[in-house]
Number of protein chains: 2
Amino acid sequence: MVKISMLSTGEEVLHGDIVDTNASWLSEVFFEHGFALNYRSTVGDQLDELRDEIISLSERNDVVIVNGGLGPTSDDLSALAAAQAAGVELKLSQHWLDTITEYFSRINRPMADSNIKQAMLPEGASVIDNPVGTACGFSIELNGAMVMFTPGVPFEFKKMVRDEILPKLKLCFPNVKRLVCNKIYTFGLGESGIADALSSLDIPEAFSLGYRSYMPFIEVKVFSPHSDSNIEMVLTAITERLKNYVLGINQPLIDVIGEGLTNKQWQLSILEQVTGGEVARQMYQSERSQQSFVQSVVDNQAEPLAELSDAILLNNEYRLETQSHACLANFKLEDGSIGLALSSQLGNYAQNIMFKRDYPIKAQQVLIATVLLDMLRRHMNGESPSIEFGHFETLSTIEKTDECR
Amino acid sequence: MVKISMLSTGEEVLHGDIVDTNASWLSEVFFEHGFALNYRSTVGDQLDELRDEIISLSERNDVVIVNGGLGPTSDDLSALAAAQAAGVELKLSQHWLDTITEYFSRINRPMADSNIKQAMLPEGASVIDNPVGTACGFSIELNGAMVMFTPGVPFEFKKMVRDEILPKLKLCFPNVKRLVCNKIYTFGLGESGIADALSSLDIPEAFSLGYRSYMPFIEVKVFSPHSDSNIEMVLTAITERLKNYVLGINQPLIDVIGEGLTNKQWQLSILEQVTGGEVARQMYQSERSQQSFVQSVVDNQAEPLAELSDAILLNNEYRLETQSHACLANFKLEDGSIGLALSSQLGNYAQNIMFKRDYPIKAQQVLIATVLLDMLRRHMNGESPSIEFGHFETLSTIEKTDECR
């Protein structure tokens with residue numbers, strides 16, 4: 001097994017001014033390509049500590065990815081630390097100086113003297129191309145390890161990893177096999193609930209599961225060798241066990257909705273009294289769903305409804321008024337519950353719910369939006385729109401399939 | 001100076017399934033309290049590697065914070081690794097067993113056998129209380145360092161750090177002084193632009209600056225000793241240099257807007273054709289601004305306007321229709337630009353803008369929402385609403401202060 005570590009550098013990372021998303025991104029991408037990290041560390045902009053950490057990591061690993069510290073300013077010390085670690089001098093890379101000189105003339109801006117520093121590399125280092133920035137990536141060999149230096153700007157970093165570093169690693173370690181990752185998007189079960197539901201599952205030895213949880217979804221990641229013929233079977237087995245909690249496979253809910261609306265040639269309108277535009281925002285931000293989205297009204301100071309049946313009436317009215325095929329709505333009710341309504345050519349549905357605990361307002365909006373969109377998903381699938389989720393209690397439901405115009 | 005490191009544990013962190021926000025949070029909070037981290041590392045759930053890293057960090061630091069691995073399952077190995085590092089056995093903490101037994105009976109759920117594992121601590125360890133979970137925090141002394149073990153669940157972790165660990169550190173290191181952090185919220189200048197603008201600034205020696213950048217804002221953080229009388233002077237000097245780019249001091253833009261609307265007793269409506277509900281969502285999610293927010297319409301499939309003056313007319317009309325004191329709106333224009341309009345009792349304003357580069361749709365929405373809200377902020381301050389920002393070009397502006405009803 002290849003031993004790989006990552007070193008993140010910079011005071012802004014070490015002191016929490018930025019969340020180190022480069023580290024989690026690299027960890028995830030490398031894992032999916034079969035190059036799981038076995039250690040990560042973070043140091044600030046102290047030359048000694050940088051140098052010592054580079055040496056220490058090179059002694060314990062086959063590959064070390066160093067991120068950050070390649071900028072033009074005086075606190076960017078990675079190249080110097082690399083040179084000291086390797087016991088060599090910094091030397092001008094004429095190739096890189098030409099590259100960035102040309103870059104600045106192309107964008108018609110003067111090159112600052114400080115940028116010359118970005119072409120100073122440890123003697124013997126190989127350049128790793130950065131087509132989208134002035135920071136030169138480079139690689140040195142140290143204590144038998146390949147130590148690769150990458151820029152901190154996420155966009156430049158990711159491009160360099162994808163286009164340069166991963167191909168290089170695959171060449172050097174041809175036996176490492178890329179994993180396939182299938183993603184099952186779930187909603188309404190906690191991580192332990194999912195683990196319980198899947199505990200009796202027998203998956204083939206070459207398979208492994210991972211979880212990625214981000215409000216409001218938990219993604220179940222199914223890793224397997226590329227060629228394995230059991231993939232479909234495993235996905236089906238997991239989906240069956242998680243049933244109603246699965247909102248999409250390899251596709252997030254909002255894209256499932258977009259695809260469903262497109263297939264049905266339906267246009268959707270939205271009326272929001274408790275979600276402040278969250279449903280509209282989600283519809284708008286997915287390219288797949290945006291084109292099927294007509295109009296939304298966010299009515300923040302509406303009076304609460306007396307009855308859940310009012311939700312049915314108002315929502316049906318709004319659908320007809322906006323001449324859309326389907327309409328999703330949420331309302332405040334006088335009893336303090338939240339009314340969720342779906343109206344389409346095929347029927348009118350509503351349910352009112354109460355949260356089981358006190359979620360922050362942002363979380364409430366996202367949870368309600370998710371349930372509403374899932375009602376539509378189920379409806380388009382020919383299923384009953386309302387089901388129970390863990391976050392709240394359903395007080396009552398109404399289904400009217402006869403009165404639609 | 002106290003040397004402090006943090007060790008994050010767990011495969012889910014190491015393989016990028018979760019972003020390590022506990023690490024950035026701890027780094028920031030510790031920094032603000034005068035306990036800057038000097039090193040962070042991450043290892044997976046391998047007992048040997050955990051044990052070795054705990055030993056190695058204890059040799060190089062005064063304080064080590066270990067996060068994660070205190071759960072009930074077999075891959076939660078932190079207590080065992082701690083015991084091995086210290087050369088002692090795990091021993092049942094009757095105190096903690098009683099605590100969690102009582103906890104489960106209080107929430108009326110049976111305690112699983114696996115939870116007993118959470119009361120097994122290294123011999124000689126002192127319990128660190130966790131009033132909100134079943135994972136027991138604990139502290140051991142190792143190689144002269146104080147090594148403290150904390151749960152991975154962010155909510156539990158943060159509570160333990162605030163209520164238990166920081167007070168303990170302050171007792172042990174009474175000479176470490178907490179810094180005051182004042183935050184200046186800026187928009188429209190990059191980090192290098194801000195650094196340039198502030199490069200000639202002379203700040204007192206005990207002061208330091210930090211930057212925290214998150215779309216679309218860059219926060220300038222001004223750290224200083226608590227008692228320093230120069231704070232106001234420094235904040236004023238920075239604000240003067242950054243002028244129009246400062247949207248709030250110690251208060252994000254949306255709260256500034258909320259406060260302004262409340263002071264003026266204004267109610268706001270919003271009409272969105274290009275931001276898909278983003279402005280409404282921001283207004284809704286801030287407690288300060290929510291109460292001043294009447295209604296919003298998101299019209300996703302509206303025809304583009306021929307003229308910027310149409311934006312003035314439509315927006316003024318919408319304001320009168322919704323009987324609100326002010327209305328913000330954005331429109332598509334036929335020439336491909338984006339029209340931003342502000343209507344209030346005091347006047348009608350519009351400008352149309354073009355992005356200078358190709359932003360993702362999410363970023364576009366956030367940028368447009370920010371400029372619109374800033375137009376309102378400036379207007380409420382008695383300033384001209386439209387100014388130039390770096391992200392886009394302003395093609396034309398209209399100001400009409402005479403025709404308002």
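The values are calculated or read from the model by the stated rules, or taken from the named source; none is laboratory data. As the structure is a computational prediction, the values presented were derived from the model and not from experiment. Cβ coordinates were reconstructed from backbone atoms using ideal geometry, including for glycine residues, and neighbour counts include every protein chain displayed. All accessible areas refer to the heavy atoms of the entire protein, side chains included, with ligands and DNA or RNA removed. Shrake-Rupley method; radii C 1.70, N 1.55, O 1.52, S 1.80 Å.
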Scan of region B:115-157 for residues that are at pLDDT 90 or above, surrounded by 13 or more Cβ atoms within 10 Å (Cβ to Cβ) and either among the aromatic types (Phe, Trp, Tyr) or farther than 18 Å from B:Ser78 by Cβ (or both), ordered by number: B:Phe138, B:Phe149, B:Phe157
Single condition B:Phe35 does not satisfy, out of (1) within 22 Å of B:Lys168 (Cβ to Cβ); (2) facing another protein chain (nearest Cβ under 8 Å); (3) open to solvent by less than 40 Å² (accessible area, probe 1.4 Å): (2)
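Which residues, taken from region B:54-66, are open to solvent by 10 Å² or more (accessible area, probe 1.4 Å) and within 14 Å of chain A (Cβ to nearest Cβ)?
In the first step, residues of region B:54-66 are kept if they are open to solvent by 10 Å² or more (accessible area, probe 1.4 Å); the result is B:55-56, B:59-62.
Within region B:54-66, B:Ser56, B:Glu59, B:Arg60, B:Asn61 qualify.
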Of all residues in region B:12-21 being at the interface with another protein chain (Cβ under 7 Å from one of its Cβ atoms) and in contact (Cβ under 8 Å) with a residue 24 or more places away in the chain, the one that is surrounded by the fewest Cβ atoms within 10 Å (Cβ to Cβ): B:Thr21
Residue in region A:56-75 that is touching a strand residue (DSSP E or B) at 6+ places or on another chain (Cβ under 9 Å), without any contact (Cβ under 8 Å) to a residue 60 or more places away in the chain and not in a helix (DSSP H, G or I) present: no
A:Leu328 vs. criteria buried (at least 22 other Cβ atoms within 10 Å of the Cβ) and at pLDDT 95 or above: yes
Which numbered condition B:Ser8 fails, given (1) open to solvent by 10 Å² or more (accessible area, probe 1.4 Å); (2) closer than 22 Å to B:Gln118 by Cβ; (3) touching an Asp or Glu at 6+ places or on another chain (Cβ under 7 Å): (1)
Neighbours by Cβ (under 6 Å, 6+ apart or cross-chain): first from region B:107-120, over 18 Å from B:Phe138 (Cβ atoms); second open to solvent by less than 50 Å² (accessible area, probe 1.4 Å) and not in a loop (DSSP other than H, G, I, E, B): B:Met111/B:Phe104
Residue match in region B:268-285 (condition: open to solvent by 40 Å² or more (accessible area, probe 1.4 Å), over 30 Å from B:Leu235 (Cα atoms), in a loop (DSSP other than H, G, I, E, B) and facing chain A (nearest Cβ under 8 Å)): no
Hits in region B:383-405 - residues which are of a type outside the set (Lys, Arg) and touching a Leu at 6+ places or on another chain (Cβ under 9 Å): B:Pro385, B:Ser386, B:Phe389, B:Gly390, B:His391, B:Phe392, B:Leu395, B:Ser396, B:Thr397, B:Ile398, B:Thr401, B:Cys404
Selected residue (criterion: surrounded by the most Cβ atoms within 10 Å (Cβ to Cβ)) from residues of region B:249-267 that are over 26 Å from the mean Cα position of the chain (by Cα) and closer than 30 Å to A:Val294 by Cα: B:Gln267
Selection status of B:Ala306, in contact (Cβ under 8 Å) with a residue 12 or more places away in the chain, open to solvent by 40 Å² or more (accessible area, probe 1.4 Å) and either assigned by TED's automatic domain parsing to the domain that holds B:Lys332 or among the hydroxyl-bearing types (Ser, Thr, Tyr) (or both): yes
B:Met6, sole failed condition from (1) part of a helix (DSSP H, G or I); (2) of a type in the set (A, V, I, L, M); (3) within 14 Å of chain A (Cβ to nearest Cβ): (1)
Residues (within 15 Å of A:Cys327 (Cα to Cα) and among the β-branched types (Val, Ile, Thr)) located in region A:369-400: A:Thr370, A:Val371
Qualifying residue in region B:37-48 (condition: in a helix (DSSP H, G or I) and in contact (Cβ under 8 Å) with a residue 60 or more places away in the chain): no
B:Val222 vs. criteria without any contact (Cβ under 8 Å) to a residue 60 or more places away in the chain, crowded, with 17+ Cβ neighbours inside 10 Å and not assigned by TED's automatic domain parsing to the domain that holds B:Ser192: no
Filter result (touching a Gly at 6+ places or on another chain (Cβ under 6 Å) and closer than 24 Å to B:Ser24 by Cα) within region B:213-264: B:Lys221
Conditions (1) farther than 20 Å from B:Leu367 by Cβ; (2) more than 14 Å from chain A (Cβ to nearest Cβ); (3) of a type in the set (A, V, I, L, M, F, W, C); (4) open to solvent by 30 Å² or more (accessible area, probe 1.4 Å): number failed by B:Leu189: (1)
Inter-residue pairs, beta-carbon under 6 Å, first in the same structural domain as A:Asp310 (by TED's automatic domain parsing) and of a type in the set (Val, Ile, Thr) and in region A:270-299, second modelled with pLDDT under 85 and open to solvent by 40 Å² or more (accessible area, probe 1.4 Å), 6+ apart: A:Val294/B:Gln301
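Can you find a residue that is open to solvent by 60 Å² or more (accessible area, probe 1.4 Å), part of a helix (DSSP H, G or I) and of a type in the set (Val, Ile, Thr) anywhere in region A:230-238?
Our first condition is that a residue be open to solvent by 60 Å² or more (accessible area, probe 1.4 Å); within region A:230-238, this holds for A:232-233, A:236.
Subsequent filtering for residues that are part of a helix (DSSP H, G or I) retains A:232-233, A:236.
Filter again for of a type in the set (Val, Ile, Thr), leaving A:236.
Checking region A:230-238: at least one residue is open to solvent by 60 Å² or more (accessible area, probe 1.4 Å), part of a helix (DSSP H, G or I) and of a type in the set (Val, Ile, Thr).
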Subset tally (residues that are open to solvent by less than 40 Å² (accessible area, probe 1.4 Å) and in a helix (DSSP H, G or I)) for region B:87-99: 2
Unmet criterion (only one of (1) part of a helix (DSSP H, G or I); (2) more than 11 Å from chain B (Cβ to nearest Cβ); (3) open to solvent by less than 10 Å² (accessible area, probe 1.4 Å)) for A:Phe30: (2)
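Table: residues versus (1) charged (D, E, K, R); (2) buried (at least 18 other Cβ atoms within 10 Å of the Cβ); (3) under 30 Å from A:Lys183 (Cβ atoms).
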site: A:Ala23; (1), (2), (3): no, yes, yes
site: A:Asp52; (1), (2), (3): yes, no, no
site: A:Ser74; (1), (2), (3): no, no, no
site: A:Ser78; (1), (2), (3): no, yes, no
site: A:Ala85; (1), (2), (3): no, yes, no
site: A:Thr101; (1), (2), (3): no, no, no
site: A:Asp113; (1), (2), (3): yes, no, no
Strands (runs of 3 or more DSSP E) wholly inside region B:296-405 containing at least 3 residues that are of a type in the set (D, E, K, R): B:392-400
Breaking point among (1) more than 14 Å from chain B (Cβ to nearest Cβ); (2) farther than 18 Å from B:Tyr284 by Cα; (3) without any contact (Cβ under 8 Å) to a residue 60 or more places away in the chain, for A:Asp374: (3)
Residue match in region A:288-295 (condition: away from chain B (no Cβ under 13 Å), open to solvent by 50 Å² or more (accessible area, probe 1.4 Å) and assigned to a helix (DSSP H, G or I)): no
